[in-house]
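Novice: I have a structure here, written as structure tokens, and I will follow up with some questions on it.
The values are calculated or read from the model by the stated rules, or taken from the named source; none is laboratory data. Quantities reported herein were computed from a predicted structural model and do not represent experimental measurements. Virtual Cβ from ideal backbone geometry, glycine too; neighbours counted across all protein chains shown. The protein model used for the area step is the full one, side chains on, heavy atoms only, and it has no ligands, DNA or RNA in it. Shrake-Rupley method; radii C 1.70, N 1.55, O 1.52, S 1.80 Å.
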Amino acid sequence: MASSNVSLIIPLDQAQPGRRAGKKAINLSRLIAAHFVVPRGFVISADAYRSHLWASGAREAASNAVEAEDREQVRQAIISTEIPEDVWSAVADAYGRLSLQLGFENPSVVVRPSAIEDGLSETCFSGAYESILNVSGREALKMAIKRVWASLWSGKAAAYRMRYGITAEPAMDIIIQQMMDGQWWGTTLTADPVTGNRNRVIVSCSSSAGATDLSCHMVDLHAPSVITGDNKPDGSPGSDLITLLAEKAIVIEKTLGCSVEVEWTYELDRLWILQANPINDLPPYFPYDESAEPNVVWKRLSSDPVSFVMRPQLRDIERLQVINGYAYEMQSSEPTNAGKEMAEGFKLLEDWESNARKPLEANSAEDIIKLAGQLSAEVVELLGWMSRARYFGNRFSHRLREIVEMLKDTATYYDLLGGLPGRVIMRDARIQELADQFRAAEKTGRIDDPNWRRSYKIDVESFARDYGYAFLNPGQSLDPSAWESWVENSDIVFRKIAAINRCESHTSLITLHCAA
């Protein structure tokens, strides 16, 4: 499998999204374009890895490597096989150019992985792949590259892929950068990874002068002020450096468009950015004193802020808070009694039928918006009912799952599913059927038939008229000004159908219900 030098080596400032470069390399390219100081280096593209995999004879094994023995076979083949001559020649030439740029022979470099995982951010795989520091000379570089490639098939990387349901064969590019030995080195996070607070910057750093202890600092962006943790080794950096690190990290956050973890080193009044990656899975932050109520947590209901029309009304609803324009719902973390919850739930349903249902049906979304400036106490009460109903509904679904999982009798299981009436069940069944029709048309080639597309569009519009609307997230149910009918915008239905088709095919509860 021959490759050209153009496709094998990418200048660090020219990495672009695609099959040749991963997110780490692309982020470094964006930082260079934004004039941050980044160590010199280059990228060995994923095409080089693919070429070596073919040369090693492990290409077929790699496409089927699901067991530990298979992965180890691939690893050993990658490490024991010589890198193809055209690939190694391109890498050696790039390393030689780096030597000329730095002004000395055989410079020490860092060999870092930048994996390309299909449809998933590589930061989800933090620590899964091997990075090698202080690599000097061509032979050492060659072995380091093969070790990093082989780490793509480690047990930890396989566990990550299994966890996130990735079945596509992985690939990897490698970042080669000048090894930096600064006076200080460490990481900066532009959000608190524990609380999700984006108003705090966390700085962890250590000295390269022999100190092994990390010093931890927190910068409050409201003040701003620097708070140093209890662990403060001798010679810990001053507040000016910590403030500088926080400021640079915030600018990097703006450049990459998300909360980031920045790895850096500081030497002779110069800050070098080694890498910057998004922080994944930040918890939704609620600015609340947890010491006052330790068994209560708050969850943000929507990624969109609440409209100004509804903010004053939501403040009067139990279990809700509007902070900085976003709606949060209180959720108790205390152990609960299932029997008590069900009794409260049935009582809630009875009260709903007798007290709240008719007034709610009498108030359309349009009426609520028109009267937004003078909403009555009754409407506020109805919104409160919706909040409480959602809470108990969530608890009920959790309990139902527990009961179904405990059932050993398949007949009872199907009876349960078959006995669940409701408009929501049939709505989901209809949209699942539409998704199945679309998938079948793709496989048979009918999707390009104008007559089929016209008929399918009519079916989708009929579905939209029958069911009208479903909230995209819980927060929308509390904000009538954000409501949009599927009849007004049927593109929402098509997006839902596309999302269903992207999921792995499996027998859904909706399908089981309809079968029952």
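Novice: Quick check on my filter: what residues within the range 183-202 are in contact with a strand residue (DSSP E or B) (Cβ under 8 Å, 6 or more places away or on another chain), open to solvent by 60 Å² or more (accessible area, probe 1.4 Å) and in a loop (DSSP other than H, G, I, E, B)?
Specialist: So the first thing to find is which residues in the range 183-202 are in contact with a strand residue (DSSP E or B) (Cβ under 8 Å, 6 or more places away or on another chain), and the list is 183-193, 199-202.
Filter once more, keeping what is open to solvent by 60 Å² or more (accessible area, probe 1.4 Å): 183, 185, 193, 200.
Passing the criteria: GLN183, PRO193.
Novice: Is at least one residue of the range 9-31 within 19 Å of GLN178 (Cβ to Cβ), hydrophobic (A, V, I, L, M, F, W, C), assigned to a strand (DSSP E or B) and touching a residue at least 60 places away in the same chain (Cβ under 8 Å)?
Specialist: yes
Table: residues versus (1) over 27 Å from the mean Cα position of the chain (by Cα); (2) surrounded by 13 or more Cβ atoms within 10 Å (Cβ to Cβ); (3) among the polar types (S, T, N, Q); (4) at pLDDT 80 or above.
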position: VAL460; (1), (2), (3), (4): yes, yes, no, yes
position: ARG465; (1), (2), (3), (4): yes, no, no, yes
position: ALA470; (1), (2), (3), (4): no, yes, no, no
position: SER477; (1), (2), (3), (4): no, yes, yes, no
position: SER481; (1), (2), (3), (4): yes, yes, yes, no
position: PHE494; (1), (2), (3), (4): no, yes, no, yes
position: GLU504; (1), (2), (3), (4): no, no, no, no
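Novice: Can you pull out every residue in the range 317-333 that is more than 29 Å from the chain's Cα centre (by Cα) and modelled with pLDDT under 75? If you could, list the steps in order and put the result at the bottom.
Specialist: At the first step, the residues of the range 317-333 found to be more than 29 Å from the chain's Cα centre (by Cα) are 317-318.
The answer is GLU318, and nothing else.
Novice: May I ask you to list pairs of residues, at least six apart or on different chains, whose Cβ atoms are under 8 Å apart, with the first in the range 87-116 being assigned to a strand (DSSP E or B) and the second being aromatic (Phe, Trp, Tyr) and open to solvent by less than 20 Å² (accessible area, probe 1.4 Å)?
Specialist: Partner pairs satisfying both residue conditions: VAL109/TYR95; ALA115/PHE125.
Novice: Quickly run through the range 299-327 and pick out the residues that are outside any loop (DSSP other than H, G, I, E, B) and either out of contact with any helix residue (DSSP H, G or I) (no Cβ under 7 Å at 6 or more places or on another chain) or hydrophobic (A, V, I, L, M, F, W, C) (or both).
Specialist: If we filter the range 299-327 for residues that are outside any loop (DSSP other than H, G, I, E, B), which is where we start, we get 299-300, 311-314, 320-323, 326-327.
The answer is LYS299, ARG300, ARG311, PRO312, LEU314, LEU320, GLN321, VAL322, ILE323, TYR326, ALA327.
Novice: Filter the range 56-71 down to residues that are assigned to a helix (DSSP H, G or I) and free of Cβ contacts under 8 Å to residues at least 40 places away in the same chain and give me whichever is surrounded by the fewest Cβ atoms within 10 Å (Cβ to Cβ).
Specialist: For the range 56-71, the residue satisfying everything is GLU69.
Novice: Among the residues of the range 32-46, how many are buried (at least 22 other Cβ atoms within 10 Å of the Cβ) and assigned to a helix (DSSP H, G or I)?
Specialist: Number satisfying all stated conditions: 1.
Novice: Just to be sure, is LEU53 touching a strand residue (DSSP E or B) at 6+ places or on another chain (Cβ under 8 Å), of a type outside the set (Lys, Arg), part of a helix (DSSP H, G or I) and surrounded by 13 or more Cβ atoms within 10 Å (Cβ to Cβ)? Break it down into steps so the answer makes sense when it comes.
Specialist: Details: touching a strand residue (DSSP E or B) at 6+ places or on another chain (Cβ under 8 Å): no; of a type outside the set (Lys, Arg): yes; part of a helix (DSSP H, G or I): yes; surrounded by 13 or more Cβ atoms within 10 Å (Cβ to Cβ): yes.
Spelling it out, it is not the case that LEU53 is touching a strand residue (DSSP E or B) at 6+ places or on another chain (Cβ under 8 Å), of a type outside the set (Lys, Arg), part of a helix (DSSP H, G or I) and surrounded by 13 or more Cβ atoms within 10 Å (Cβ to Cβ).
Conditions (1) outside any helix (DSSP H, G or I); (2) at positive phi; (3) open to solvent by 50 Å² or more (accessible area, probe 1.4 Å); (4) touching a helix residue (DSSP H, G or I) at 6+ places or on another chain (Cβ under 6 Å), marked per residue:
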residue	(1), (2), (3), (4)
ALA128	yes, no, no, yes
GLU139	no, no, yes, no
ARG147	no, no, yes, no
SER151	no, no, no, no
ALA157	no, no, no, no
MET162	no, no, yes, no
ILE166	yes, no, no, no
ILE176	yes, no, no, no
